[in-house]
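The values are calculated or read from the model by the stated rules, or taken from the named source; none is laboratory data. Computed from a prediction, not measured in an experiment: that's the story for all the values here. Please note: Cβ atoms are built from the backbone with ideal geometry, for glycine as well, and neighbour counts cover all protein chains shown.
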Amino acid sequence: MKKLLVLVAILSAAVMGAKAQNYVVINSETILKALPEYNAAVLEIDTKAKEYQATIDKATETLSSQYETYMAQRNSFSQSEQQAKEQTIINNENKITEYQEKIFGENGTISTMRKDKLEPIQTRVFDEISKYAKANNITLVLDIATNPIVVYYDPKVDVSQKIIDILNKK
């Protein structure tokens, strides 16, 4: 949808050729990575995600070992013991899956951390880009980080460094 809107905006600008359009290019990825607070937030989230993943990996190893032990001893158990042990393994597997969803799922801990820590920084950056565009009478801002249909642009219209400089002054 975003691609289509950008394409429509570009085509509209071309059709209205009589009136010169003032546009710039930015690379939001470059801008964000130039901000120490963004990098610190990403590092914090990644570190936490690795800790959670290590917990999941350890639980998975334990479950695998539990399953292998059960399979090796299965014939020595009665039918009811087999069912009880199988149910325990299934319950443990479900607990791991639930924990994984709680941490890495759509509304999980990591997703919430990303939203809480990164969105305010991204909002500040995009607000600054909007202010810059309005102050400089710019009618179109293309983000080359998220727009793979930009085939060519003149680096002279890339104002990413200007935005970084503005953000770093604040």
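Observations on the structure shown:
- Flag for Glu93 being farther than 30 Å from Asp165 by Cβ, assigned to a helix (DSSP H, G or I), touching a helix residue (DSSP H, G or I) at 6+ places or on another chain (Cβ under 9 Å) and not hydroxyl-bearing (Ser, Thr, Tyr): yes
- Figure legend. Inter-residue proximity from the range 16-45: first residues hydroxyl-bearing (Ser, Thr, Tyr), second residues assigned to a strand (DSSP E or B) and at pLDDT 95 or above, beta-carbon distance below 7 Å, spacing 6+ or different chains. No pairs are indicated.
- Taken residue by residue, the range 65-76 has no member that is without any contact (Cβ under 8 Å) to a residue 40 or more places away in the chain, of a type in the set (A, V, I, L, M) and either surrounded by 12 or more Cβ atoms within 10 Å (Cβ to Cβ) or in contact with a strand residue (DSSP E or B) (Cβ under 6 Å, 6 or more places away or on another chain) (or both).
- Count of the range 89-123 residues which are within 13 Å of the chain's Cα centre (by Cα), of a type in the set (D, E, K, R) and either surrounded by 14 or more Cβ atoms within 10 Å (Cβ to Cβ) or at positive phi (or both): 2
- Hits in the range 143-158 - residues which are surrounded by fewer than 13 Cβ atoms within 10 Å (Cβ to Cβ) and either closer than 14 Å to Ile26 by Cβ or at pLDDT 85 or above (or both): Asp154, Pro155, Lys156
- Odd one out for Leu140, checked against (1) within 27 Å of the chain's Cα centre (by Cα); (2) more than 24 Å from Val42 (Cα to Cα); (3) loosely packed, with under 14 Cβ neighbours inside 10 Å: (3)
- Given (1) touching a residue at least 40 places away in the same chain (Cβ under 8 Å); (2) part of a helix (DSSP H, G or I), number of the condition Lys156 does not satisfy: (1)
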